[in-house]
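Single-structure report; data block below.
The values are calculated or read from the model by the stated rules, or taken from the named source; none is laboratory data. Since the structure is predicted, the reported quantities are computational estimates derived from the model, not experimental observations. Ideal geometry is used to build each Cβ from the backbone, glycine not excepted, and the neighbour counts take in all protein chains shown.
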Amino acid sequence: MRLNKIHHVAIICSDYPTSKAFYVGTLGLEVVQETYRAARDSYKLDLSVGGQYQIELFSFPNVPPRPSRPEARGLRHLSFEVEDVAETAAELNRRGVATEPIRTDELTGRKFTFFADPDDLPLEIYER
């Protein structure tokens, strides 16, 4: 068996219009396809990161909150590669998104920082 790559990451949000505005408007991800599934009362928004389909944003009625942040069992965080962490963090701040202080990865020497989506899902920007 050989796994080729990660195909996509699925995110369930509590407020679809708010999360869609964040991922598309604030982060600038491109919409590949948007589908409403009436039987589930659910939206599925396929998003592209850097020209590649990678994120599925779902809405479902009455979803439970994340138990803790960021050390809950399961997905710890979602990380986006950027050219310049300081520049990207400054742009996020200008767009109203608070970022943590920039740190340096002790193993790679590269800069990174965290911020949160509208449901407090931990997101990271990591320098190339």
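Side notes on the structure shown:
- Selection count where residues are at pLDDT 95 or above, assigned to a loop (DSSP other than H, G, I, E, B) and of a type outside the set (A, V, I, L, M), scope segment 84-108: 5
- Among the residues of segment 77-128, those that are farther than 30 Å from residue 62 by Cβ and small (Gly, Ala, Ser) comprise 86, 89, 90, 109.
- When the residues of segment 27-49 are filtered to those that are surrounded by 13 or more Cβ atoms within 10 Å (Cβ to Cβ) and among the charged types (D, E, K, R), the one that is nearest to residue 89 (Cα to Cα) is 30.
- Test result for residue 24, assigned by TED's automatic domain parsing to the domain that holds residue 122, closer than 19 Å to residue 117 by Cα and surrounded by 15 or more Cβ atoms within 10 Å (Cβ to Cβ): no
- Subset tally (residues that are surrounded by 13 or more Cβ atoms within 10 Å (Cβ to Cβ), among the aliphatic types (A, V, I, L, M) and farther than 17 Å from residue 24 by Cβ) for segment 91-115: 1
- Listed by first and then second residue, the pairs linking a residue in segment 98-121 that is under 27 Å from residue 17 (Cβ atoms) to a residue that is small (Gly, Ala, Ser), with Cβ atoms under 6 Å apart and 6 or more places separating them unless they lie on different chains, are 99/89; 113/89; 118/19; 119/14.
- Subset of segment 77-101 [in contact with a Phe, Trp or Tyr (Cβ under 7 Å, 6 or more places away or on another chain) and more than 26 Å from residue 12 (Cβ to Cβ)]: 85
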